[in-house]
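Enquirer: Following this message is one structure expressed as structure tokens.
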Amino acid sequence: MNAETPQDPRSQLERLQERLATRQSILHFAHSAISFIVALIFSGAAAKLFWDSTKLPVLAFGATTLALALATYALVRYLKGRRELAEELKRYGDLLELRRQLNLDNPSTLLPR
């Protein structure tokens, strides 16, 4: 819960639901996966260029540099995704606790009397 600002539990519930509606961690993980796959492709191309080229290794060095840059980008995005996922899980725990306090998950309290 947010201890700094005392709010109505219903408004807190709406705010938490809005923040959890978009999952930024998924975007970070997707960027990480795609860039890692592309880095693997470029590293394979770089290895083939090093194997074949005796006169012009500039392309091989370029492909190696690009593969390392993409692998670094993938690692950074993965770490951002993990950090964002931890925050999302904390917010989700807060949401579950707030729902429990408001008795939203207890069907017997929601039925008309």
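Enquirer: With volume of the Cα convex hull per residue in Å³ in mind, check (i) 101; (ii) 127; (iii) 112 and report the label derived from this structure.
Expert: Correct label is (iii).
Enquirer: Counting only other residues whose beta carbon sits under 13 Å from that of Glu97, what net charge do I get with K and R as +1, D and E as -1?
Expert: Its environment carries a net charge of +2.
Enquirer: Given H placed 1.01 Å from N in the peptide plane, which residues other than close sequence neighbours of Leu102 have an amide H under 5 Å from its amide H?
Expert: Excluding prolines and chain starts, which carry no amide H, there are no hits.
Enquirer: Can you tell me the 0 to 90 degree angle between the C-alpha axis of helix 9-21 and the longest principal axis of the chain, rounded to 10?
Expert: Approximately 20 degrees, to the nearest 10.
Taken together, the values in this text are just the output of simple stated rules run on the coordinates, not laboratory data. Because the structure is predicted, anything quoted here is derived from the model rather than measured. FYI the Cβ positions are ideal-geometry reconstructions off the backbone, even for glycines, and counts take in every protein chain you see.
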